[in-house]
Amino acid sequence: ATAIFARLDAGNGDLVAASAGHPPPMVVDGKAGARFVPVEPSPPLGVPGGVAVDHRTVLGPGETLVLYTDGLIESPGVSLSDGAAALLLAGREAAAAEPEELCDEILAALNQEGPRRDDVALLAVQRLAT
């Protein structure tokens with residue numbers, strides 16, 4: 001099993017994230033930009049010797065943090081890197097959307113080949129512009 005933990009301070013945008021074999025969070029900037037948070041994953045849960053490492057960054061005003069399960073980027077016959085690239089493209093194309101609409105647009109873009117075969121969870125949290 002994989003997992004990701006993220007803690008966001010909504011006041012100053014400080015974001016701390018740690019991964020146990022989970023794909024990295026994505027940040028959408030509201031202006032057609034999207035990037036992955038470079039969280040170095042530790043081994044999945046239950047694997048001996050796994051030690052999670054915190055990654056720290058700042059979520060800027062108006063930016064949206066997107067957490068998702070691997071089922072969103074995994075698809076038969078498509079590499080994980082191609083699935084991740086498709087997610088970034090979908091994030092860029094929907095960058096100006098509010099969180100709920102952003103999730104809907106990402107799901108629509110990534111389901112064009114048909115519904116996913118694995119479970120998908122998607123969560124978007126936006127830091128309000130000050």
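The values are calculated or read from the model by the stated rules, or taken from the named source; none is laboratory data. As the structure is a prediction and not an experimental result, all values here were calculated from the model. Glycine also receives a Cβ, built like all others from the backbone with ideal geometry; neighbour counts cover every protein chain displayed. In case anyone asks, the SASA skips ligands and DNA or RNA and just uses the protein heavy atoms, side chains included. Shrake-Rupley method; radii C 1.70, N 1.55, O 1.52, S 1.80 Å.
The single residue among Arg56, Arg35, Arg7 that is modelled with pLDDT of 95 or more, open to solvent by 80 Å² or more (accessible area, probe 1.4 Å), in a strand (DSSP E or B) and touching a helix residue (DSSP H, G or I) at 6+ places or on another chain (Cβ under 9 Å) turns out to be Arg35.
With respect to Gly71, is the statement that it is open to solvent by less than 30 Å² (accessible area, probe 1.4 Å) and farther than 29 Å from Leu128 by Cβ true? Quick ask: steps written out before the conclusion?
Working: open to solvent by less than 30 Å² (accessible area, probe 1.4 Å): yes; farther than 29 Å from Leu128 by Cβ: yes.
Yes; evaluated as a whole, the condition is true for this residue.
Scanning the range 11-58 for residues that are of a type in the set (Lys, Arg) and under 24 Å from Asp82 (Cα atoms) gives Lys31, Arg35.
Given the criteria within 27 Å of Arg117 (Cβ to Cβ) and of a type in the set (A, V, I, L, M, F, W, C), does Ala52 qualify? No; evaluated as a whole, the condition is false for this residue. Evaluation of Val16 against the conditions (1) surrounded by 13 or more Cβ atoms within 10 Å (Cβ to Cβ); (2) not in a strand (DSSP E or B) shows that the sole unmet condition is (2). The set of residues in the range 91-124 that are free of Cβ contacts under 8 Å to residues at least 24 places away in the same chain and loosely packed, with under 12 Cβ neighbours inside 10 Å comprises Ala108, Gln112, Gly114, Pro115. Is one or more of the residues making up the range 59-66 open to solvent by 30 Å² or more (accessible area, probe 1.4 Å) and among the β-branched types (Val, Ile, Thr)? So far as the range 59-66 goes, no, none of its residues is open to solvent by 30 Å² or more (accessible area, probe 1.4 Å) and among the β-branched types (Val, Ile, Thr).
Working only within the range 19-32, note down all residues that are of a type in the set (A, V, I, L, M) and surrounded by fewer than 17 Cβ atoms within 10 Å (Cβ to Cβ). It would help to see each step written out before you state the result.
Going through the range 19-32, the residues of a type in the set (A, V, I, L, M) turn out to be 20, 26-28, 32.
Listed by number, the list holds a single entry, Ala32.
Somewhere in the range 75-90, is a residue closer than 24 Å to Asn12 by Cα, outside any loop (DSSP other than H, G, I, E, B) and either open to solvent by less than 50 Å² (accessible area, probe 1.4 Å) or at pLDDT below 95 (or both)?
First pass over the range 75-90, keeping only residues closer than 24 Å to Asn12 by Cα: none.
Scanning the range 75-90 turns up no residue that is closer than 24 Å to Asn12 by Cα, outside any loop (DSSP other than H, G, I, E, B) and either open to solvent by less than 50 Å² (accessible area, probe 1.4 Å) or at pLDDT below 95 (or both).
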